[in-house]
């Protein structure tokens, strides 16, 4: 063994230990790849995450969600015509009222550092989060994962090129807090499933 290590010890290890001492064992590793960071934070917030390698798996997992919740042949709130084929092939009626079983939608972006999902009026129209059904199924792709909310806002600005959507909001909590927490104050939780398609 190196004599300097015997005398002085391994200072590098001690420095790393000092840095990690104040860190919660439950906090995610900041060096995780962005998709893993999103997954860890999203699940910690109570979201139900379903990874799909291809569009066939998206259809299969969508049917599994319907079966799990007994949502076949029910009314569904859906504004996005690109998603209607999922509903039509499962005898679901897409409408804008009459107490739908769940809301089926796309999103703007997935925010990795807080495990939230960013939406705008392109998905929510004029509705506020608490006016939407308690159950939401979101269809998104891995290319929509961004590091932070500011990255999401920048992406919206570039994507819509001057015709910016309104009603930009994020859903972060996907289950009711067991006890009152000031971090949850004023937030609306939703029972949310995320169908995430690998497209990178």
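Values quoted throughout were computed directly from the atomic coordinates according to the rules given, and no laboratory measurement underlies them. Note that this is a predicted model, so its numbers are computed, not measured. Here the Cβ positions follow ideal geometry from the backbone for every residue, glycine too, while neighbour counts run over all protein chains shown.
The order of the peptides 45-52, 109-116 by mean Cβ neighbours within 10 Å, most packed first, is 109-116, 45-52. When each of the peptides 149-156, 131-138, 65-72 is scored by the mean number of other C-beta atoms lying within 10 Å of its residues, the order from highest to lowest reads 131-138, 149-156, 65-72. Quick one: pull the percentage of alpha-carbon pairs in segment 110-149 with a separation above 16 Å. Every Cα pair in segment 110-149 considered, those over 16 Å come to 44 percent.
Extent along the principal axes, Cα only, for segment 34-103: 37, 25, 23 Å, with the longest axis given first. Kirkwood hydrodynamic radius computed over segment 32-197 comes to 16.3 Å, based on all pairs of distinct alpha carbons.
Taking each residue as 0.36 nm, the span from residue 200 to residue 67 lengthens on full extension beyond its C-alpha to C-alpha distance by 45.0 nm.
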